[in-house]
Structures are given as structure tokens and as C-alpha cells.
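Below is one structure, written out as C-alpha cells, with a few remarks after it.
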Amino acid sequence: MLLQRCPVLAARPSRRAAVCVQAKVSRSEGEPRVIRGKCFVTRDNIDTDQIIPAEYLTLVPSKPEEYEKLGSYALIGLPDDLYPERYVKEGEMKTEYPVIIGGQNFGCGSSREHAPVSLGAAGAKVCVAESYARIFFRNCIATGELYPCETGVRLCDVLKTGTEVTVDMDKNVLTDHSTGKTYPLQEIGEAGPVIDAGGIFEYARRQGMIKVA
């Protein structure tokens, strides 16, 4: 079985296969796993309905135009009173925040691959949170849409939306460019190469787990 031969996913079983999408994290072989840009800060228990409400699940990620539209609705379920700044501005298709900062239990709620897919479609490259719901973490890896990095630091209490940061997954550190301070990250480990490849199926093809016609 494919999951059994990919340990990082075998440890996080799912009843559903990953959806097929048009775009992935873009990284050339040997290129440093480093992402710089403005961050969007969220709090604890951001659930999948806040990431992408159920009404948008009819959009099919394998269709390029619907994939782009799905991204325009990323994080649209966040309450306006707590998040006056939208992750994707109204009328836009892409976000200006490639880095998402979360608290505890990011991605909780129902299992839907559309959650990491919508974030990736919006232009998110990495999420840094204290902890993740297990199925969301797995879906990030399976779809190859964004890197789910973990940290022991409560960055959602330190950073503000719009702060310029660099997430260096090779050195396992996040740098806040407004202060120059650095914060430790946990190693991305076995998840990194799977996401680098564009998800579990592309990784499996490259590793010879799936025969290419």
C-alpha cells in the first residue's frame, strides 16, 4: 500500500484519498526550503469550516478556473469582528500573505482536503502553528499544497498580521524582520520531501512506488 510505504502519512490514516489539484508548492530540487513574506495571524482552533466553508466545496480543484476561485474564498469563514482584515481581499484571487500563523489545533473540524487546497490556491506556502488537527496535517502533506510547520512558541501572541517574516525550514527558524528576533521551529522531517514533490502521488511516482505509463 502507498500509505504504508510513506511513513509520514501512514502514521496519520484517512478514510479518503487526496483530491487531484492543478498547482502545488513550487520548489526546485536542491532549492532551499525558505519562504519570506507577510504573515496572516490567526488564533486557536481554526476549523476547516472557517478555512473553507462547506458551501464552496462544490468547486472542483482539478479544474484550473475552479481551483483559482476556491483560493479566493480561503479563510473567508473567519469572524469579521475578530479578523477585520480578510486573508484574500474582496475581488482578488490571491492573498498577500504567503505565511499563516496559527495557535493550537489549527485545521480542526471535519475532514476536507479542500482546506489546505484552498490555502495553497490562494498563495499560502507555509503555516506555522503550535499544533494541528491530525487530519489537516496529513492533508497538507498528501495534497502538497503547503508546509505545516510546528513551533513550541506561541507566535500568534507575538506576531501581527502584516509582519514580514522568513520561515527557514532548513535551519528550523522563523525570523521576525520587524524586530530581528528569531524563533525555533520543529523539523519538517519526512513531510518535507513529500510536499516538495507536490504531494503523495507525485512523490510516489518519483520514488518508483507507482509505475509510470
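Quick notes on this one:
- The HN-Hα couplings worked out from phi for the stretch 162-170 by the Karplus form 6.51 cos²θ - 1.76 cosθ + 1.60 (θ = phi - 60°) are x, 5, 7, 9, 10, 9, 9, 7, 7 Hz, whole numbers, x standing for Gly and Pro.
- Pairwise Lys count, the stretch 81-213 - Cα closer than 26 Å, eight or more residues apart or different chains: 10
- Using a cutoff of 8 angstrom between alpha carbon atoms and counting only pairs six or more residues apart, the relative contact order for the stretch 34-207 works out to 24 percent.
- Nitroxide proxy distance, nm - points 7 Å out along Cα→Cβ at residue 58 and residue 211: 4.1
- Potential lengthening between residue 161 and residue 134 on full extension [0.36 nm per residue; Cα-Cα distance subtracted]: 7.2 nm
- Residues of the stretch 141-177 with an amide N closer than 20 Å to a point placed 7 Å from the Cα of residue 34 along the Cα-to-Cβ direction: 147-150, 163-177.
- Inter-label distance for residue 44 and residue 80, nm, one decimal - labels placed 7 Å from Cα along Cα-to-Cβ: 2.7
- Among the GluC sites (Glu not before Pro) in the stretch 107-213, those placed in a DSSP loop whose Cβ has at most 14 other Cβ atoms within 10 Å are 187, 190.
- Take each peptide in 38-48, 172-182, count the other Cβ atoms within 10 Å of every residue, and average; sorted highest first, the result is 38-48, 172-182.
Bear in mind these aren't lab numbers, they're just calculated from the coordinates by the rules spelled out. Computed from a predicted model, the values in this text were never measured in an experiment. A quick note on method: Cβ atoms are made from the backbone with ideal geometry, for glycine too, and the neighbour counts reach across all protein chains shown.
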